[in-house]
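What follows draws every value from the coordinates through simple rules; no lab data is involved. Since this is a predicted model, take the numbers as computed values, not measurements. Glycine also receives a Cβ, built like all others from the backbone with ideal geometry; neighbour counts cover every protein chain displayed.
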Amino acid sequence: MKDKVSLKQKLGFGSGEFASSIFFTVTSFWLMNFLTDNVGLAAGLAGSALLIGKIWDSAIDPFIGYASDRTKTRWGRRRPYFLFFAIPVGVAFVLMFNNPHIASQDGKFWWALLMYMFFSMVYSFTNIPYNALLPDISKDYDERTNISGYKQFFAVIGTLVGAGAAIPLMSLFKNKDAGFVGMAAIFGLLATVSILMPFFTVKEKPVPANQKFESAWKSLKDVFTNMPFLLMLGSWITNTTGVAIIESMLIYYYKYVFNAENQVTLAMLILLVVTMAFIPVWIWVSKRIGKRLTYIIGMSITSIAVVAFSFLAPKLGIWPSLGIMVFAGIGFSTHYVMPFAIVPDSIEYGYSRTGVRREGFYYSFWTFFISIGGALAGFIVGKGLEITGYVANTVQSPQAITGIQWLIGPIPVILFILGNLCLAFYPINKIRYEEIQAKIKTMEDSSV
């Protein structure tokens, strides 16, 4: 089945992922550290604020997806959300990194919680409709992987910018508080432009006139009886949580284990440059051995690398340990491509069973679990640091150092193993997908 997409469409759609990546990278790498070391919020309270905020946001995500599926405008179902929420999400990002200078821990907690809730909500209003566009762009099994490659190329660019430019941008301002606000304002502006790009470059396909709509309860039931989607979702949440823990802990690792906070940017850049460089390689590999196996291999490589980094890097030293970052980046690259190439296939399977298109509803749960993964990561990091005796901006105890090492290595690896177990049972390969598309064609032809 051939359903090729023009380069303009691929670039226009892919550029929208830059915003998601900027937001995810900066919040993963910096938000927890900003709350503990700048705002002065206790680590356990900071982790709790992130978890509670995301649970609330996640609860409304299915309603955003449900509304997106049923939106009817001259611009389509998804694109209006980019236009109307691009600026609010940029503003919310800046507010989240503005130190309120509140004295009490309770006040700091409520400020962190409300700002995080607001940002997460307006971000979902752009990200859920954006991801729901992908299944409509092409029905071709391999072309979707190709489109995901463009999407994730911009994701890695966003991650590189977010990871590599954060400290240099903050250093341009008079103090760290002003630096965080300035950095967030610049990134927020870039993200706003990124969100608007698909609005102006991607044309949505019209919804069929005979398209059926069903209740939210029926949609919920169909999503949670779609076993391929649930298996992919299980892998997604465990891997995303593990990745977010690692990203949150890098600054703590370099600051307190290596005593070289200024080197964290270089480590991030090496990891992400290698990640970006290997995206085309893994796309090529996936066409030969399948998306599922490619993702399993990639996360296995990542697991070996992070365990080696967590315990061997202090013995090897800063510069030799960067070689481990290269190895990690090779495997990490699959996490940037394969999930987004796999999940549309499971959504097509759902359509073949029910005859109802509900991409927005599916992607609301996809975004829901991105949110939950990030929140769980923040909670695990916060509680882990608290339990092991972490004290901000001071020399850490041996127990706290061990806690940092476990948080950046073995704990994420446990999650990656669980993710690979879910993938081991994922049933849709290229042959099975072509059977699903044949069933869909028969179903659509009979309804005309």
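For a modelled paramagnetic label at Trp406, 7 Å from Cα along Cα-to-Cβ, the residues of the range 217-248 in reach, with backbone nitrogen under 16 Å, are 246. This structure gives Cα extents along the principal axes in Å, computed directly, and of (1) 96, 55, 54; (2) 85, 51, 42; (3) 71, 42, 37 that value is listed as (3). Within the listed set Ile297, Ile195, Ile147, the Gaussian network model of the chain (springs between alpha-carbon atoms below 10 Å) gives the highest mean-square fluctuation for Ile297.
Normalising by the residue count of the chain, find the relative contact order in percent from Cα pairs under 8 Å and 6+ residues apart.
Value for the chain: 29 percent.
Over the chain, dividing the summed -39,500 (n - 2.57) contributions of all DSSP H runs of at least 4 residues by the number of residues returns a 222 nm mean residue ellipticity of -26500 deg cm²/dmol. At what distance in angstrom do the alpha carbon centres of the range 369-413 and the range 38-64 lie from each other? For the range 369-413 versus the range 38-64, the Cα centre distance is 16 Å. A simple packing score, the average count of other Cβ atoms within 10 Å per residue, orders the peptides 277-285, 162-170, 220-228 as 162-170, 277-285, 220-228, with the highest score first.
Length available on full extension from Gln399 to Ile55: 0.36 nm per residue minus the Cα-Cα distance, which gives 120.8 nm. Annotation: for a label point projected 7 angstrom from Cα along Cα→Cβ of Lys218, residues of the range 52-89 with backbone N closer than 20 Å are 62-72.
Dividing the mean sequence gap of close Cα pairs (under 8 Å, 6+ apart) by how many residues the range 77-142 holds gives a relative contact order of 53 percent. When each of the peptides 148-157, 92-101 is scored by the mean number of other C-beta atoms lying within 10 Å of its residues, the order from highest to lowest reads 148-157, 92-101. For the chain, the membrane-span-like helices by this rule, meaning whole DSSP H stretches whose C-alpha atoms cover at least 18 Å of axis and whose Kyte-Doolittle mean is 1.6 or above, are 79-96, 264-277, 410-424; this says nothing about an actual membrane.
Distance between the modelled labels on Lys315 and Ile289, one decimal in nanometres: 2.9 nm (7 Å Cα→Cβ projection). As a rough guide to protection, the peptides 248-255, 171-178 ranked by mean Cβ packing within 10 Å, highest first, stand as 248-255, 171-178. Selection among Leu423, Thr394, Phe379 by position relative to the dipole of the range 340-448 gives Phe379 as farthest towards the positive end (Cβ unit charges, Cα centre).
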